[in-house]
1. Could you give the accessible area per residue of segment 9-156, probe 1.4 Å, as a whole number in Å²?
2. Take each of the peptides 47-54, 94-101, 118-125, average the number of other beta-carbon atoms within 10 Å over its residues, and list them starting from the highest.
3. Percent of accessible area on segment 1-113 owned by carbon and sulfur, 1.4 Å probe?
4. How do His77, His63 stack up against each other in accessible area, from largest to smallest, with a 1.4 angstrom probe?
5. Just reorder Phe59, Phe155 by solvent-accessible area, largest first, 1.4 Å probe, all chains present.
6. Which distance in Å, rounded to a whole number, links the C-alpha centroids of segment 106-172 and segment 48-68?
Amino acid sequence: MIDDEILAGIEAVLMITDSAVTAEDLAGSLGLDEDTVLEAIGTLKADYDGDENRRQRGFEIRHVAGGFRIFSRGDYHEVVKDFLTAGQSAKLSQAALETLAVIAYRQPISRPRIAAIRGVSVDGVIRTLLLRGLIVEAGKEASTSALLYATTRTFLDTMGMNAIDDLPDIAPYLPEDADVAELGAEDTEVLAEIDGALDDDFDDETDSSAEMSRVAD
């Protein structure tokens, strides 16, 4: 029987992380052995999944990328999507706007590079921008195989632009000692990319992602 304090401690860590946490890392941070951590995760997973005596939760623990994360349950994807794309969540947060600006000016760009520029994890923000159809996966970086992201036609429509070239010069808005090249466009070697530029038609999959939602005025 796993102590409630151990279960709560693991929950607390998994609730605040934006990436998978290994059993080894959980064990080290909580002062436990890995077997105890794995048993505790199994207990939590069973609790979240529910049974005839307990209701199923709207979230679940998944084993991904060699570690564990808490995700909203797949059964409620449409509910989550509707929340993110309408009503009270229609306006983008400051973090989302900053991330979108980085992508717009440096596309195609990978998630690690975006995070390096902003200095914070951008996993959640990227998911939001993808759901709203403002960005799309645009191939893989040749050197790291990391997914690359670019803006979509929905982004252009929302911004009232015909092409990315219509973006204003960013230099006047940077601090005097800032490195303009840090946010400016740069060449990125792409391993595999979506056919066509932003001014051409995306393929069906891209169109589906781009038209999934629009940002309210």
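1. Value for segment 9-156: 49 Å² per residue.
2. 94-101, 118-125, 47-54
3. 53 percent
4. Order by accessible area, largest first: His63, His77.
5. Per-residue accessible area, sorted high to low, gives Phe59, Phe155.
6. Rounded to whole Å, the Cα centres lie 32 Å apart.
The values are calculated or read from the model by the stated rules, or taken from the named source; none is laboratory data. Everything quoted here is computed from the prediction, not taken from an experiment. As a convention, Cβ positions derive from the backbone with ideal geometry for all residues, glycine included, and neighbour counts pool all protein chains shown. Quick note on the areas: whole protein, heavy atoms, side chains included, nothing else; ligands and nucleic acids left out. Shrake-Rupley method; radii C 1.70, N 1.55, O 1.52, S 1.80 Å.
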